[in-house]
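Here is the structure we will look at, set down as structure tokens.
The values are calculated or read from the model by the stated rules, or taken from the named source; none is laboratory data. Since the structure is predicted, the reported quantities are computational estimates derived from the model, not experimental observations. No Cβ is skipped: glycine too gets one built from the backbone with ideal geometry, and neighbour counts run over all protein chains shown. What goes into the accessible areas is simple: the full protein's heavy atoms, side chains included, and nothing from ligands, DNA or RNA. Shrake-Rupley method; radii C 1.70, N 1.55, O 1.52, S 1.80 Å.
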Amino acid sequence: MDLYFSKYQGTGNDFILLDGRAGVDARWTAPEQVALLCDRRFGIGADGLICLLPSQEADFRMQYFNSDGHESTMCGNGGRCLAAFAAAIGAAGAAGRFLAVDGPHAYRILPGGLVELEMIRPYGYRVLGEDRVFLHTGSPHYVAFLPEGLEQLAVDTEGRRIRYDAAFAPGGLNVNFVQADGPQALRVRTYERGVEAETLSCGTGVTAAAYTWLIRSGLAAGGQGSVQIRTPGGELAVRVSDFGAETERVLLTGPAERVFDGVYRSRDSEVPAQPPSTSASQISI
């Protein structure tokens, strides 16, 4: 049984992408199989797996699995990568709309390999303590602002402690540690549930951090605001218009890059007499 896939990354957040317009064999999306595919030693290696599926309401539908094998909530970096993938395989144009578990998302592919993705309006905002906030941006997020020391912080240790706190049971949440890098600039490091470790970037996480910063700093008082975010994997931007109104729009912009295409041959497949041709952009695993 062969699986044809593409590998994409967005600011270091990497994904296995499957073209499911004609369906995806359920054996590939079983939790144990997804976990194996995402394993960085025994599989392809990724933070998650995404299926592009047909939709009657939009250009396509997004189904997202975390690297632990379980279907999960919205992924902002994954959504941008999926939009780039859809355009590359002819499933949609350079601008379009897809459905995810949290609702519809419009996107635009911009020059320079950037993708602009419209996120849902954040909700559930509540202050948990000094410099600590909860909000939902398609996935649940805990945002902690630090005055200094972000680079030295043990994100896996501190993030895991908060992610598994009984106050957030049973689902837990993603944990973002944030430090201001200027009036309209932030640095963000994120512990992701489902990956159960720090990732190089998290799209819904930087959206949560930027949205919270716009509220705290008063930058969105005029109804508009933008924030540049630097993560360990690269830079993203979040722009909000009509802040607080019914017409509010939250846009996440960042790179989405194809790393390679490949064929994964399951353990029970026969090895062909002649291995498939390989290149820098297409390999067989």
Requested in this report: Report ³J(HN,Hα) in whole Hz for each residue of region 88-98, in order, from the Karplus equation J = 6.51 cos²θ - 1.76 cosθ + 1.60 where θ = phi - 60°; Gly and Pro get x.
Outcome: 5, 9, x, 7, 7, x, 6, 9, x, 8, 10
Query raised in the report: How much area per residue is accessible in the chain when the probe is 1.4 Å and only protein heavy atoms are counted (Å²)?
Result: 44 Å²
Query raised in the report: Once phi is turned into θ = phi - 60°, what whole-Hz ³J(HN,Hα) does the Karplus curve with 6.51, -1.76 and 1.60 give for every residue of region 25-31, x standing for Gly and Pro?
Result: 4, 4, 5, 6, 9, 5, x
Report summary line: Expressed as a percent, the accessible surface of region 57-180 that is carbon or sulfur, using a 1.4 Å probe and the full set of protein chains, is 52 percent
Requested in this report: Please give the solvent-accessible surface of F177 in Å², to the nearest 10, using a probe radius of 1.4 Å with every protein chain present.
Outcome: 10 Å²
Query raised in the report: Once amide H atoms are built 1.01 Å from N in the peptide plane, which residues 5 or more positions from A92, or in another chain, come under 5 Å H to H?
Result: A87
Report task. Determine the order of I120, I229 by accessible area, beginning with the largest, at a probe radius of 1.4 Å. Result -> I120, I229
Query raised in the report: So how much accessible area does L219 have, in Å² to the nearest 10, using a 1.4 Å probe?
Result: 60 Å²
Query raised in the report: What is the set of long-range amide H partners of D181 at a cut-off below 5 Å, with H atoms built 1.01 Å from backbone N?
Result: L186, R187
Report task. Express in Å², to the nearest 10, the accessible area of R108 obtained by rolling a 1.4 Å probe over the protein heavy atoms while all chains stay in place. Result -> 110 Å²
Report summary line: Largest-first ranking of H105, H136, H70 by accessible area, probe 1.4 Å, whole protein assembly kept, is H70, H136, H105
Query - Angstrom value of the Kirkwood radius, inverse mean 1/r, which spans all Cα pairs in region 30-172 - result: 17.2 Å
Requested in this report: Compare the Cα positions of L219, L200, I120 along the charge dipole of the chain (+1 at Cβ of Lys, Arg; -1 at Cβ of Asp, Glu; about the Cα centre) and return the one farthest towards the positive end.
Outcome: L219
Report summary line: With a ≥ b ≥ c from the Cα gyration tensor eigenvalues, square-rooted, and the rule rounded for a/c under 1.5, otherwise prolate when a/b > b/c and oblate otherwise, region 133-185 is oblate
Query - 5 angstrom amide H check on A197, placed H, neighbours 5+ away - result: E192
Query raised in the report: Karplus couplings for region 234-248 from phi (6.51 cos²θ - 1.76 cosθ + 1.60, θ = phi - 60°), rounded to Hz, Gly and Pro as x?
Result: x, 10, 9, 9, 10, 10, 10, 10, 6, 3, x, 9, 4, 8, 3
